[in-house]
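The values are calculated or read from the model by the stated rules, or taken from the named source; none is laboratory data. Since the model is a prediction, treat every value here as computed from it, not as a measurement. Using ideal geometry, Cβ is built from the backbone for each residue, glycine included, and neighbour counts are taken over all protein chains shown. Calculation scope for accessible area: heavy atoms of the full protein, side chains included, ligands and nucleic acids excluded. Shrake-Rupley method; radii C 1.70, N 1.55, O 1.52, S 1.80 Å.
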Amino acid sequence: QVQLAESGGGSVQAGDSLRLSCAPSGRTSSIYALGWFRQTPGKEREFLAAITRLRNTTYYQGSVRGRFSISQDNAQNTVYLQMNSLQPEDTADYYCAAATEVLMGTSPGQFAYWGQGTQVTVSP
């Protein structure tokens, strides 16, 4: 089992930045990649970014590429999502997720473990 703990959400104004953190625990040796998703009420969970643990290969959803950045600190066993130039449409619950097998895509089904989520609210 893998447990994921997100932190760093909050309320900001348009144009501000936030950095989300995700700290995996448990069987972390089984993790192939960590990713970030977000979800708003009534909508499907949306992929944002992912990073592979060993090779640091990154994947981004096209609409956030250049504005969001995923990174990891293996010494701290933490994955980050740096979000810049936030807009009200970025308001959502943000989730960290872990994949234990080679990614064949970026759908939620590729990820076996999920955190509880952290809320991000962006005001105009």
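What dipole magnitude, in Debye to the nearest 20, does the chain give about its Cα centre under +1 on Lys/Arg Cβ and -1 on Asp/Glu Cβ? Once rounded to the nearest 20, the dipole reads 260 debye. When the Cα positions of Pro108, Thr78, Ile31 are compared along the charge dipole of the chain, Ile31 comes out farthest toward the positive end, with charges on each C-beta of Lys, Arg, Asp and Glu. Sorting Met104, Met83 on solvent-accessible area from highest to lowest, probe radius 1.4 Å, gives Met104, Met83. Residues whose amide H lies under 5 Å from that of Thr78, counting only those 5 or more places away or on a different chain, are Asp73; hydrogens are built 1.01 Å from N in the peptide plane. Extension gain for the segment Ala75 to Met104, taken as residue separation times 0.36 nm less the Cα-Cα distance, is 7.7 nm to one decimal.
Size descriptors for region 64-124, from the alpha-carbon set: Rg then Dmax equal 13.3, 40 Å. 3J(HN,Hα) along region 21-36, derived from phi through the Karplus expression 6.51 cos²θ - 1.76 cosθ + 1.60 where θ = phi - 60°, amounts to 10, 9, 10, x, 8, x, 7, 5, 5, 8, 7, 8, 8, 10, x, 10 Hz, with x in place of Gly and Pro.
Sequence-ordered 3J(HN,Hα) estimates for region 57-74 from the Karplus curve with 6.51, -1.76 and 1.60 and θ = phi - 60° stand at 6, 10, 10, 9, 6, x, 6, 10, 4, x, 10, 10, 9, 9, 8, 9, 10, 5 Hz, glycine and proline given as x.
Taking 0.36 nm per residue of sequence separation and removing the Cα-Cα distance, the Thr28/Thr57 pair yields an extension gain of 8.7 nm.
At the residue level, Asp73 shows approximately 50 square angstrom of accessible surface with a 1.4 angstrom probe and all protein chains present.
Per residue, how much accessible area does the chain show when a 1.4 Å probe rolls over the protein heavy atoms, in square angstrom?
Numbers: 6450 Å² over 124 residues.
Value for the chain: 52 Å² per residue.
All alpha carbon pair distances within the chain were sorted into 5 Å bins beginning at 0; the resulting P(r) in whole percents reads 2, 12, 24, 26, 20, 10, 5, 1, 0.
Taking K and R as +1 and D and E as -1, what net charge do the other residues with C-beta under 13 Å from the C-beta of Asn77 add up to? Walk me through the intermediate numbers first.
Details: positive: Arg27, Arg53; negative: Asp73.
That works out to +1.
Considering region 12-61 at the alpha-carbon level, its Rg and Dmax are found to be 13.6, 38 Å. Maximal additional length on extending the Gln82-Ser123 stretch stands at 13.0 nm, based on 0.36 nm per residue less the C-alpha distance.
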